[in-house]
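Here is the structure we will look at.
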Amino acid sequence: MEEIELERRASSPHTEPEVLEELSGSISWRVRRAVGWNPSTPVAVLKALARDRVQWVREAVAGNPKTPLDVLVVLARDPDGYVRSAVALNTATPENLLSELSEDEMVEFDTTNERLRYIVMEAVAKNPRTPEPDIVRLSSSHSDDVRAAVASNPRVPVEVIERLSRDQSWLVRYRVARNPVTPPEVLARLADDRITDVRVAVAANVKSPPDSLISLSRDRMVEVRRAVAENPSTPEEALEALSGHWSFLVREAVAKNRSTPIPVMNRLISDPDPSVQKAAREHLRDRA
């Protein structure tokens with residue numbers, strides 16, 4: 001059987017436990033990694049794979065929510081930072097272990113952005129189970145990426161979100177704007193951010209205030225208007241105005257938006273662009 005098929009079977013949650021046990025002994029580390037990720041893999045197999053010589057296999061086990069606590073404790077002290085990072089992201093990892101990992105200063109150089117990344121700290125900062133004191137401490141990190149990870153956490157305290165919304169890093173403000181727990185008043189302020197990506201995030205956030213969405217529907221950047229056109233929380237008046245925008249991408253987004261009024265949809269059926277026509281017809285058919 002080809003490796004790609006073995007990997008597919010190893011990844012499937014419907015694969016029988018005895019088959020997963022057999023696949024865990026494959027000579028291919030990719031197949032063993034797939035078994036390590038699989039939530040249906042028996043605990044005994046996960047324990048064996050946690051000692052695998054290949055870091056990517058151990059990383060898979062470290063990220064599996066079915067991995068038992070005693071194995072997570074061992075993997076949290078693994079010599080490889082990516083393995084420890086997977087433990088830090090795992091929602092099954094207990095708070096005391098997350099607190100320990102929140103001080104892990106493993107650093108990797110990000111060649112794409114040409115800066116150092118604290119990958120374990122970032123993972124801890126994203127985990128919704130991380131204790132609040134650790135989240136607050138990490139929110140003051142000197143690393144933009146760690147603060148951005150905190151800003152994306154769905155359980156970040158409101159006072160931290162408020163402070164990070166004024167962060168000097170656009171990436172941090174962007175993550176704040178994307179977070180569904182960000183208060184409407186913070187989103188309203190970020191709607192005036194000088195960075196386009198931040199305004200796009202506000203325009204896409206379903207919690208953004210109606211007045212902000214109406215204002216962003218007139219933004220100078222087409223990317224922002226398109227995000228407003230896609231947002232189901234956008235007021236009907238803004239959607240009607242955007243249905244006449246010069247960009248077919250914006251009009252197509254309006255045609256796909258479930259909040260778009262029927263009269264506007266009927267008009268878009270006759271749009272000059274075929275993709276807009278198609279989107280409007282399919283949307284009306286779904287509504288019917």
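Pairs of Cα atoms nearer than 8 Å and 6+ residues apart set the relative contact order; for the stretch 28-154 it is 17 percent. Within 10 Å, at most 14 other Cβ atoms, and a DSSP state outside H, G, I, E, B define an exposed site. Report the longest part of the chain free of exposed GluC sites (Glu not before Pro). The answer is 115-288. Remark: relative contact order (the stretch 98-226) = 15 percent; criterion is Cα-Cα distance under 8 angstrom and separation of 6 or more residues.
The stretch 106-164 and the stretch 207-254 have Cα centres spaced 31 Å apart. Within the full protein context, the accessible area of residue 104 is estimated at about 30 Å² for a probe radius of 1.4 Å. Convex hull volume of the Cα atoms of the stretch 117-246, normalised per residue: 92 Å³. Annotation: amide H-H contacts under 5 Å for residue 117 (H modelled 1.01 Å from N, sequence separation of 5 or more, or interchain): 108, 109, 110.
If you wrap the stretch 78-122 in the convex hull of its Cα atoms and look at it from every side, the mean projected area works out to 3.2 nm².
Summing charges over neighbours of residue 110, with a neighbour being any other residue whose Cβ is under 14 Å away from its Cβ, gives -3 when K and R count +1 and D and E count -1. Eigen-decomposition of the gyration tensor built on the alpha-carbon atoms of the stretch 143-186 gives equivalent ellipsoid semi-axes of 14, 10, 9 angstrom, largest listed first.
Gyration tensor over the Cα atoms of the stretch 1-120: the corresponding equivalent ellipsoid has semi-axes (square roots of 5 times the eigenvalues, largest first) of 26, 17, 11 Å.
The structure shown yields P(r) over Cα pairs in 10 Å bins from 0, in percent, and of the options (1) 7, 30, 35, 21, 7, 1; (2) 6, 25, 28, 23, 13, 5, 0; (3) 7, 22, 21, 21, 21, 7, 0 that calculated value carries the label (3). Average 1/r across all pairs of distinct alpha carbons in the stretch 198-247, invert it, and you get the Kirkwood radius: 10.2 Å.
Identify, among 17, 160, 202, the residue whose Cα sits farthest towards the positive end of the charge dipole of the chain, taking +1 on the Cβ of Lys and Arg and -1 on the Cβ of Asp and Glu, with the dipole about the Cα centre. So the residue furthest toward the plus end is 202.
The values are calculated or read from the model by the stated rules, or taken from the named source; none is laboratory data. Here the structure is a predicted model, which means the values were calculated and not measured. Cβ coordinates were reconstructed from backbone atoms using ideal geometry, including for glycine residues, and neighbour counts include every protein chain displayed. Remember, those area values only see protein heavy atoms, side chains included, never the ligands or the DNA or RNA. Shrake-Rupley method; radii C 1.70, N 1.55, O 1.52, S 1.80 Å.
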